[in-house]
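Here is the structure we will look at, set down as structure tokens.
The values are calculated or read from the model by the stated rules, or taken from the named source; none is laboratory data. A quick note: this is a predicted structure, and the numbers were derived from the prediction, not measured. All Cβ positions, glycine included, derive from the backbone under ideal geometry; neighbour counts span all protein chains shown.
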Amino acid sequence: MKIFITGGTGFIGSHLVDKLNKKEIVPYSMIRSKLKWLKNKKINAVYGKSFSEENIKNILKEADAVFYLAGVTKAPDYETFVEGNLSAFMEFYNTLIRIKSKVKWIGYISTMAVNRPQENIKLLDETSPLDPVSQYGKSKALIEDFLRTRKEYPVFIARIPGVFGPRDMDFLEYFKMVQKGMVPIIGKGNNRASLIYVKDLINALDLAYEKKLKGTFYICNNEFHSYKEIGSISRNLLNKKAIYVKIPLFIARIFAHFNEFIKGNNIVNEEKIVEITSGDWICSGEKFIKVTDFKFNFTLEQGFKETIEWYKEYNYL
């Protein structure tokens, strides 16, 4: 069984490699530059930056399954998002067709950002229209539009909410602020969000692969919290009497603008501010749960606890 992974060096991809290794599977992983989180893990490294390179085509031609986790989540402009997401995925898919790949299943990681956040605690699900508010969401929605026109390979599309866990460097910035005594609340602060712990996500992706599911599914546990609740859980776990600081939207946007200018593609950027303040980012995973009988193992607090312990163990906090 040959499993090929794109994005394996990243936060989510490295956890998928861990899961496969526990099942005594040594996947092929596309490596564009450095191994990053894949150091000392059991992989077949396939170095290259383009799916048209011969060594990558040779593996793709014989691969049984592909987990496509690669993607651009932060970029300076819309064109870069499109190039890193849509163009890259189309090159991958069209390469499979040209080389007459034997791939029997593709697992593609999408995002809830392809939809528009809801109000009045209305959950996003697979029937929600594609109506993204961010450039990132628009670039990912284009991939879903592309896949709806293709029938050559069975594809499982996993729409996921915000993911956190060990090795994630984005949520680390939030915990650092809480540790310093501040829980930032942008705008009114009563918007709600779905989050998923990386270990639950990986177990769900592995199950989708085992069952060879195809079609579009939200993967989330129907548990959601307000940003104030997320802050409360965080400061309790960090044992900090952090104060809630309400940041007016216009100030948050100014800060995000200068943060991008100074630090480049940082998680605190104007795109993220637009997403956070646009409504309730909450979703329903009922379809996936019903089809697979999947059980989530971690509450938000349990996932945060393990994540914070990992940050501390490796001196990030």
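The strands (runs of 3 or more DSSP E) found wholly in region 67-167 and carrying at least 3 residues that are crowded, with 21+ Cβ neighbours inside 10 Å occupy 105-111, 155-160.
The set of residues in region 180-214 being out of contact with any strand residue (DSSP E or B) (no Cβ under 7 Å at 6 or more places or on another chain) and farther than 22 Å from Lys240 by Cβ consists of Gly187, Lys188, Lys199, Asp200, Ile202, Asn203, Ala204, Asp206, Leu207, Glu210, Lys211. Just a yes or no: is a residue in region 73-86 more than 17 Å from Tyr209 (Cβ to Cβ), in contact with a strand residue (DSSP E or B) (Cβ under 9 Å, 6 or more places away or on another chain) and at pLDDT below 95? Yes, because at least one residue in region 73-86 is more than 17 Å from Tyr209 (Cβ to Cβ), in contact with a strand residue (DSSP E or B) (Cβ under 9 Å, 6 or more places away or on another chain) and at pLDDT below 95.
Scanning region 30-61 for residues that are closer than 17 Å to Phe89 by Cβ and not hydrophobic (A, V, I, L, M, F, W, C) returns Arg32, Gly48, Lys49, Ser50, Ser52, Glu53, Lys57. Show the residue pairs that are 6+ apart or on different chains and have beta-carbon atoms under 8 Å apart, the first residue being within region 141-152 and farther than 13 Å from Met112 by Cα and touching a residue at least 24 places away in the same chain (Cβ under 8 Å), the second being exposed (fewer than 12 other Cβ atoms within 10 Å of the Cβ) and among the hydrophobic types (A, V, I, L, M, F, W, C). The qualifying pairs are Glu152/Ile97. Asp206 - would you say it is surrounded by fewer than 19 Cβ atoms within 10 Å (Cβ to Cβ) and at pLDDT 95 or above? When the stated conditions are applied, Asp206 passes them.
Tell me yes or no: at least one residue of region 30-43 is within 25 Å of Arg150 (Cβ to Cβ) and not aliphatic (A, V, I, L, M). Spell out how you get there, then give the answer.
At the first step, the residues of region 30-43 found to be within 25 Å of Arg150 (Cβ to Cβ) are 30, 32.
Next cut, not aliphatic (A, V, I, L, M) only: 32.
Looking through region 30-43, at least one residue is within 25 Å of Arg150 (Cβ to Cβ) and not aliphatic (A, V, I, L, M).
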